[in-house]
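Chemist: If you scroll down you'll find the structure; I have some questions about it.
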Amino acid sequence: MDPRQFEHSVVDDKDIHSIVMSYLLHNCFNETADSLASCTGVKLPADDRDNIQRRKQIIHFVLEMKALKAVELTEQLAKDLLEKNKDLHFDLLRLHFVELVCARKCNEAIEFAKTILAPFGTVQKYVEKLEDAMALLAYDDPEKSPLFHLLSSEYRQQVADDLNRTILEHTNQPSYTPMERIIQHVTVVRQYLTEENGKDAFPPFSLKDSLKG
Amino acid sequence: MENGLWELLGSKGLLKKHEFIRVLVQCLYSLGFKKSASCLEHESNILYKSADFGLLEKQVLSGNWDSCVAVLDRIFDSSSDDTRNTALYLVLKQCLVEYLKQGDVSLALNVLRKQAPLLGMGKDKIHRLACDIVYSKEMESGEADSFLVQDLRKHLLVEVEKLIPLPIVIPERRLEHLVESAVLHQIDTCLYHNSWDAVSLYKDHCCGRDQIPSETIQILMAHKNEVWFVQFSNSGKYLATASSDCTAMIWKILDDNKVELKHTLESHQNPVSFVSWSPDDTKLLTCGNAEVLKLWDVETGVLRHTFGNNNTGSTVSSCAWFPDSTRLVCGSSDPERGIVMWDTDGNEIKAWRGTRIPKVVDLAVTPDGESMITVFSDKEIRILHLETKVERVISEEQAITSLSVSGDGKFFIVNLSSQEIHLWDLAGEWNQPLKFSGHRQSKYVIRSCFGGLDSSFIASGSEDSQVYLWNLKNAKPLEVLSGHSMTVNCVSWNPRNPRMLASASDDQTIRIWGPGKPNKPEKWLDNQKMQ
């Protein structure tokens, strides 16, 4: 079968709808999901509503620099989730420290670090991350420090995504959307074909280019 | 400078007088002679503590951190010097500690954010200070106990002192170190050096013949034929000898170093050419080129076991013990037999046989029991690590007649029929052996051994009826001992008495050698107590 003849393969509309729906639900776009449901007839499972709402709130708290609130709600949603995911718990607490430093609440930040973060310091893998965060104290303008990435929205998004995936996993839902998986597949297949057939036969997969048509 | 302090001392004018005096002052202080030290400082106008250090000390102890930093900045030439940055880091850390103890977080952060970057300490150190604020135990806010703070400042001074470059601070105990270096160098070049007694500073250290065995003190005549092997027990209290008269003998070393026959071990039908003491000295193994292996009890002289039996011709040429004194290994000159490991009850534990195991010339086990060294007919040495089964092979170019391992298990020597003794390291780092020569060996099996303080000597028999001694530092013999009238087959150096050596000869005697006469008789006064 020639890969260039992909235009001839048939795709079911229902499949496409469910892929889009799962993407929307994964990212808590519940209003859009409702909209899609009413237009296409794809069903939203009822009991998930509440879960999605709470998950949405938690993720937003992370993005809005309210990491402690996110932790509190997560513990309400799933008691032992953070205990079982120490790395994630640590990242969230560290975010709170960063928030305090940004808000120039240094005394509070130092206290928080001494009481809550310091115990993590006994485990080797957290030490470097702790040192990075503590270094922020040495700068009047944390945004101008070498550790500025800890303040960035990209980093917060990364932690939020991590938390999202972990919650989904905890409630036995897929932590990666089919959409993501499909794109990953295509990328890998393209790469493989390129290796097999030489550079020019199949250029690397680019979502952007594909969307252009 | 006054008093001609720019003068140079020493016969070659290499020593600076002011440095010499400062080192003397330091020595007086470190020995506890404060008054004398201070007096010398006064008389010579040279202070032990340099002006810069005195200033630094004052600033640290009074907590004047800005001045402190300024002094350090001046002392160190360049800001890329890591010791400079470490010193600054330590000082700033103490400064932060003190501010935090007072509860002054904003002042501390100010130092960290505004002052630290100006010093050029490097980002790493600044980040570390930030971490210290959170983690360091000393930063616990609490009572700003002035004693504690003084203590911390003193400790800081000690740490910073270690970082300050010369000549502002000189290393501690400098004079002692210099004198010791000179003494060690003298010991290094002392070829007869054989005891670890403290040396006298009154004269250059140089040992003489009286330190090593070089005179015959006793001749043991009891064997009725050529004596082929001799070995002291591990405790140095006994001696075992083996002869072509088909017997082995156990001798006792008495308190006055006289040697007395204890047991004659008779049972072998053929000449006995090899013995081996168990590590705990309670058992002795005897064997010969055309003989079986026998185990004897040392205390009673009774034969405990004969390994294999004569009919199958399990002739054993050499044997060795494992540290537990219950397992032993023996090698045969008959390739069929190979190498066999036994326990003292006569059970075979393990065997190495086959095409890879030719005739065994000699065999030894390292004192830690981890490796077995075998000399195969007749140019190959194999060192086998028993647990990892890793094997190292050394191929000599001439025929090897015997093998001996040093007491610390780090080296071994082999006698070659090309009249050379080769010394190899067990760790396998050397590409070439150390070579020793001077003795005669072409036809017979001649054996050598390590001996003396830290195994720094080698002794060997020789076909010219003399005993040869070498210091490991020199390839040529240190001493050649005459006395025997025929080939000296084997030597053994007492492991507990570095001044006692035994040699076995074809002239049917064993000679015991002791300290020689000193090169020049000398008396000197030892330290006398002054009341």
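The values are calculated or read from the model by the stated rules, or taken from the named source; none is laboratory data. Note that the coordinates shown come from a computational prediction; the quantities given were computed from them, not determined experimentally. Methodologically, a virtual Cβ is constructed for each residue, glycine included, from the backbone with ideal geometry; neighbour enumeration extends over all protein chains shown.
Chemist: Taking the conditions exactly as written (within 14 Å of chain B (Cβ to nearest Cβ) and part of a helix (DSSP H, G or I)), does A:Leu36 satisfy them or not?
Modeler: no
Chemist: Can you spot a residue in the range A:133-145 that is within 30 Å of B:Arg113 (Cα to Cα), crowded, with 16+ Cβ neighbours inside 10 Å, touching a residue at least 12 places away in the same chain (Cβ under 8 Å) and touching an Asp or Glu at 6+ places or on another chain (Cβ under 9 Å)?
Modeler: Yes, some residue in the range A:133-145 is within 30 Å of B:Arg113 (Cα to Cα), crowded, with 16+ Cβ neighbours inside 10 Å, touching a residue at least 12 places away in the same chain (Cβ under 8 Å) and touching an Asp or Glu at 6+ places or on another chain (Cβ under 9 Å).
Chemist: Out of (1) part of a helix (DSSP H, G or I); (2) more than 14 Å from every other protein chain (Cβ to nearest Cβ); (3) without any contact (Cβ under 8 Å) to a residue 40 or more places away in the chain, what's the single condition that is false for A:Pro204?
Modeler: Every condition holds for A:Pro204 apart from (1).
Chemist: I'd like the full set of residues that are buried (at least 16 other Cβ atoms within 10 Å of the Cβ), outside any helix (DSSP H, G or I) and among the hydrophobic types (A, V, I, L, M, F, W, C), limited to the range A:1-28.
Modeler: Within the range A:1-28, just A:Cys28 meets the criteria.
Chemist: Based on what the data block shows, is B:Leu265 free of Cβ contacts under 8 Å to residues at least 12 places away in the same chain, among the hydrophobic types (A, V, I, L, M, F, W, C) and more than 30 Å from B:Lys49 (Cβ to Cβ)?
Modeler: Considered against the rule, which asks whether it is free of Cβ contacts under 8 Å to residues at least 12 places away in the same chain, among the hydrophobic types (A, V, I, L, M, F, W, C) and more than 30 Å from B:Lys49 (Cβ to Cβ), B:Leu265 comes out as no.
Chemist: Oh, and also: Name the helices (runs of 4 or more DSSP H) wholly inside the range B:69-173 in which the number of residues that are within 14 Å of another protein chain (Cβ to nearest Cβ) and over 25 Å from B:Arg22 (Cα atoms) is 1 or more.
Modeler: B:82-101, B:105-110, B:123-135
Chemist: Also: A:Asp209: surrounded by 14 or more Cβ atoms within 10 Å (Cβ to Cβ), part of a helix (DSSP H, G or I) and among the charged types (D, E, K, R), yes or no?
Modeler: In short, no.
Chemist: Just wondering, is there one or more residues in the range B:472-480 that are crowded, with 24+ Cβ neighbours inside 10 Å and among the small types (Gly, Ala, Ser)?
Modeler: No; the residues of the range B:472-480 include none that is crowded, with 24+ Cβ neighbours inside 10 Å and among the small types (Gly, Ala, Ser).
Chemist: If we scan the range B:115-122, do we find a residue that is farther than 18 Å from A:Ile110 by Cα and buried (at least 20 other Cβ atoms within 10 Å of the Cβ)?
Modeler: Yes.
Chemist: Same structure again: When residues of the range B:17-57 are filtered for being closer than 12 Å to B:Ile170 by Cβ and acidic (Asp, Glu), how many remain?
Modeler: Residues meeting the conditions: 1.
Let's see how each residue does on (1) on the phi < 0 side of the Ramachandran plot; (2) at pLDDT 95 or above; (3) out of contact with any Asp or Glu (no Cβ under 6 Å at 6 or more places or on another chain):
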| site | (1), (2), (3) |
| --- | --- |
| B:Gln231 | yes, yes, yes |
| B:Ser244 | yes, no, no |
| B:Ile250 | yes, yes, yes |
| B:Asp256 | yes, no, yes |
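Chemist: Hey, does the range A:43-50 have a residue that's more than 20 Å from A:Glu169 (Cα to Cα), free of Cβ contacts under 8 Å to residues at least 60 places away in the same chain and not in a helix (DSSP H, G or I)?
Modeler: Yes; the residues of the range A:43-50 include at least one that is more than 20 Å from A:Glu169 (Cα to Cα), free of Cβ contacts under 8 Å to residues at least 60 places away in the same chain and not in a helix (DSSP H, G or I).
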